[in-house]
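What follows draws every value from the coordinates through simple rules; no lab data is involved. Everything numeric here is computed off the predicted structure, so don't read it as measured data. No Cβ is skipped: glycine too gets one built from the backbone with ideal geometry, and neighbour counts run over all protein chains shown.
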Amino acid sequence: MQFFGGSDISPSPPAPTASGNNAHMMYVFNRNGVCFLYREWNRPLHTLNAQQDHKLMFGLLFSLKSLTAKMDPTSMDKGNLGVPQLPGQGCSFHSFRTNTYKLSFMETPSGIKIILITHPKTGDLRESLKYIYNLYVEYVVKNPIYTPGAPIRCELFNTSLDQYVRSIS
Amino acid sequence: MAPVAPRSGDAIFASVEHVNAELFTLTYGAIVRQLLTDLEEVEEVNKQLDQMGYNIGVRLIDEFLAKSNVSRCVDFKETADVIAKVGFKMFLGVGASVTNWDADGTCCSIVLGDNPLVDFVELPDTCQGLYYCNILSGVVRGALEMVSMKTEVTWVRDMLRGDDAFELQVKLLKQVPEEYPYKDDE
């Protein structure tokens with residue numbers, strides 16, 4: 001059993017291969033599509049207002065996930081496109097890359113979606129996302145003042161997140 | 001290359017910080033005692049303990065998932081197994097077993113071999129209706145609800161009431177599929 005503050009986060013973060021400022025922004029959604037964390041480190045262009053931007057991101061992930069599951073050549077049991085799936089059902093993608101950015105995605109069985117947008121040359125960030133999930137558990141979920149589902153306003157979480165994200169390569 | 005889900009919670013239990021077991025037991029005892037004084041009705045205390053457990057469960061699930069590397073359970077059978085073997089071990093330090101499956105695999109019992117909550121506890125005559133460990137049933141219900149399984153969790157056997165073990169019956173009511181949360185015209 002752990003008390004918040006002062007405790008080490010396990011497992012320790014994966015070692016960065018080179019340091020730099022590679023992260024653009026990060027979103028955290030819950031199952032209901034509520035964006036309860038949005039962090040921005042390096043984003044030169046805003047085309048939409050924040051709310052539309054979050055909705056578009058969530059919609060992109062949701063559609064992409066059902067498309068990837070539909071195209072899965074290895075699994076037999078899949079419904080029609082757009083049919084609701086049970087959590088854990090079907091396959092899921094973990095990243096895609098364009099010529100200007102890379103999007104890494106992780107979804108937990110409890111419906112938390114963590115999205116990190118970085119420079120297109122960054123490597124596999126699955127371990128990093130897992131570490132961010134651990135940070136979230138340690139500083140947000142275990143914070144007694146935090147109400148589940150509300151926007152995250154935990155200073156400690158934000159500072160450790162910023163610090164960690166700076167080390168991502 | 002999905003990470004392999006652990007077979008037991010021993011390794012995780014060993015790696016997290018522990019709190020003194022007696023402090024834990026006595027603190028829980030003090031909470032129940034205070035609830036009995038405040039609420040007076042034993043039924044109300046049962047309800048309150050269940051609610052407290054539920055609130056713990058909806059948060060605990062994230063810690064469980066983050067530390068245990070469990071990424072998905074194929075069916076309710078595996079879920080029950082993981083709760084008993086990994087979940088209880090990880091947070092309470094005791095192992096549990098799963099028995100009494102019904103024919104369609106939606107209802108089972110989790111039997112606790114040992115229960116650290118009830119050390120030093122005897123129920124007085126006035127509290128015979130009390131489910132002393134009702135917080136545990138709330139935790140299981142809350143945690144499962146967060147992974148989209150609506151369940152009903154009840155105590156079947158309770159050593160404080162003279163039975164020979166602690167038995168928690170978990171009944172799967174329904175699994176909620178994931179749907180697109182926004183409406184088109186929003």
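Tabulated values for the structure
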| quantity | calculated |
| --- | --- |
| Reach of A:LYS55 by Cα under 18 Å, taken over aspartates and glutamates that are not fewer than 8 positions away in the same chain | A:GLU40, A:GLU107, B:GLU178, B:GLU179, B:ASP184, B:ASP185, B:GLU186 |
| The protein assembly as shown shape via C-alpha gyration tensor axes, a/c threshold 1.5 | prolate |
| Dipole magnitude of the protein assembly as shown, debye to nearest 20 (Cβ charges: Lys/Arg +1, Asp/Glu -1, about Cα centre) | 1800 debye |
| Gaussian network model of chain B, springs between alpha carbon atoms under 10 Å - residue of B:LEU168, B:LEU130, B:LEU65 with greatest fluctuation | B:LEU65 |
| Top of B:THR106, B:THR27, B:THR154 by mean-square fluctuation, Gaussian network on chain B, Cα under 10 Å | B:THR27 |
| Over 18 Å (Cα to Cα) - which of B:LYS77/B:LYS150; A:LYS65/B:LYS77; A:LYS70/B:LYS174; A:LYS70/B:LYS183; A:LYS65/A:LYS102 fall in this group | A:LYS65/B:LYS77; A:LYS70/B:LYS174; A:LYS70/B:LYS183 |
| P(r) weight above 26 Å for region A:30-169, C-alpha pairs, percent | 28 percent |
| Gain on full stretching of the segment that runs from A:SER63 to A:PHE96 - 0.36 nm per residue minus C-alpha separation | 10.5 nm |
| q = 0.21 Å⁻¹, region B:35-186: log10 I(q)/I(0) [Debye, one scatterer per Cα] | -1.44 |
| Neighbourhood charge, 12 Å Cβ-Cβ cut-off, centred on A:MET26 and excluding it, Lys, Arg +1 and Asp, Glu -1 | +1 |
